[in-house]
Amino acid sequence: MKRPLTTAMAVLMGMVTGGLAGESAMQAGTGQAARPADPPTTDPAAAFQGERGVTRPSRDSTLGFTIPSEIAQVLVKGGAMVKKGEVLVRARDEELRLQRDLQRMLAESDLPVQRAAAAVEQAQVEFDAQEALVEKNKGTSRIELDRSRAQLKARKVDWEIAKHELAQQQVQLAFREEQLKRMTILAPFDGRVDRVTAEVGEVKRDTDPVIRVVSIDPLWIDVKVPTTRTLTTGLRVGDRAWVLLDTPGEPEVSQGTIIELAAEADFGSGTRRVRVEVPNPKQWPAGLAGWVRFAEPPAGFRVAQGAKP
């Protein structure tokens, strides 16, 4: 059971309450503004009113070797910027180089073709001589003439076979060179090394990842848009879109472009996937939340300069 207030306590509480009320009245009478309340915080994403998604690299390649290979050199580290065609990782390739060099010797030598051509010339001389003797009726039989004709034909076939085999050797050389190229991993495009999963001396199977390269400028972001809205607004590939990324500092909007509209809508959610490509000159990492809208953003949002595609 609560105890009743004493008379002194009641008087004291009345004085405190009266003093606070008097202070407020004094501030009002003197024109001095009372301390304002803290303004409510504003959520930029809510004010932006866009569809939410997560950014991803516009290009993403996980690279490895097509045959079991021993790592000989790792020339880059995670986070490094690379250019298309730059060497990233090398595997041991001494045996393949020797096989390539041997095949080059065979492919660049036309000695068998020259020998076959000389045999054709010799057979041609013999045939011409036999034919002349027959025409002059100097004792050469028709059988010997036919034999020399067949010999000439055979030598011509040998010549064609030699040329065909030389062409095969050249194709085999190209095959060996392509095999050798596969022992070196090159950057497939301009981008950034995301991670390296290989060490010098390690043996990688043909199914093992070795290095991952991504391109984050531009970024892609997929959002689920109500299907009816995509139809009523007539969204098309190439239309503009505005993207707000969840980044530190003042909210900034970038202008992007619709690059994909899903051919199939999701019946359960009543949405359709829309992919937007947005420039990323500041190299923000992929995986950030973002909001996309397909009309110009409300007043107060700053569109990044130079962010138009």
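A few comments on the model shown:
- Complete set of residues in region 267-277 that are of a type outside the set (Asp, Glu) and either within 26 Å of THR247 (Cβ to Cβ) or free of Cβ contacts under 8 Å to residues at least 12 places away in the same chain (or both): PHE267, GLY268, THR271, ARG273, VAL274, ARG275, VAL276
- Here PRO297 clears all of (1) outside any loop (DSSP other than H, G, I, E, B); (2) surrounded by 16 or more Cβ atoms within 10 Å (Cβ to Cβ) except the condition numbered (1).
- In region 266-283, residue nearest to ARG192 (Cα to Cα) [restricted to those that are out of contact with any Gly (no Cβ under 6 Å at 6 or more places or on another chain) and crowded, with 18+ Cβ neighbours inside 10 Å]: ASN280
- Residue list for region 42-58, restricted to those being closer than 29 Å to GLY191 by Cα and β-branched (Val, Ile, Thr): VAL54, THR55
- When LEU96 is tested against (1) within 25 Å of GLY191 (Cβ to Cβ); (2) of a type in the set (A, V, I, L, M, F, W, C); (3) in contact (Cβ under 8 Å) with a residue 24 or more places away in the chain, exactly one condition is not met: (1).
- Residue check, VAL171 in the same structural domain as ARG115 (by TED's automatic domain parsing) and free of Cβ contacts under 8 Å to residues at least 40 places away in the same chain: yes
- Residue within region 188-210 that is in contact (Cβ under 8 Å) with a residue 24 or more places away in the chain and touching a helix residue (DSSP H, G or I) at 6+ places or on another chain (Cβ under 8 Å) present: no
- As a summary of the residue check, ALA241 satisfies the conditions (1) touching a Gly at 6+ places or on another chain (Cβ under 8 Å); (2) at positive phi; (3) not polar (S, T, N, Q) except for the one numbered (2).
- Here region 57-67 is the region considered, the condition is being part of a loop (DSSP other than H, G, I, E, B) and modelled with pLDDT of 95 or more, and the residue that is nearest to ASP194 (Cα to Cα) is GLY64.
- Residue in region 278-288 that is within 30 Å of LEU186 (Cβ to Cβ) and free of Cβ contacts under 8 Å to residues at least 60 places away in the same chain present: yes
- Test for THR233: is it modelled with pLDDT under 95, over 22 Å from the mean Cα position of the chain (by Cα) and hydroxyl-bearing (Ser, Thr, Tyr): yes
- Against the conditions (1) at pLDDT 50 or above; (2) not in a strand (DSSP E or B), ASP38 satisfies every one except (1).
- The residues listed here are VAL76, VAL89; of these, the one that is assigned to a loop (DSSP other than H, G, I, E, B), modelled with pLDDT of 95 or more and buried (at least 17 other Cβ atoms within 10 Å of the Cβ) is VAL76.
- Single residue of region 121-175 satisfying the filter (of a type in the set (A, V, I, L, M, F, W, C) and in contact with a Leu (Cβ under 7 Å, 6 or more places away or on another chain)) that is modelled with the highest pLDDT: ALA123
The values are calculated or read from the model by the stated rules, or taken from the named source; none is laboratory data. Small disclaimer: the values here were computed from a predicted structure and weren't measured. Because the Cβ atoms are built from the backbone with ideal geometry, glycine has one as well, and the counts that use them run over all protein chains shown.
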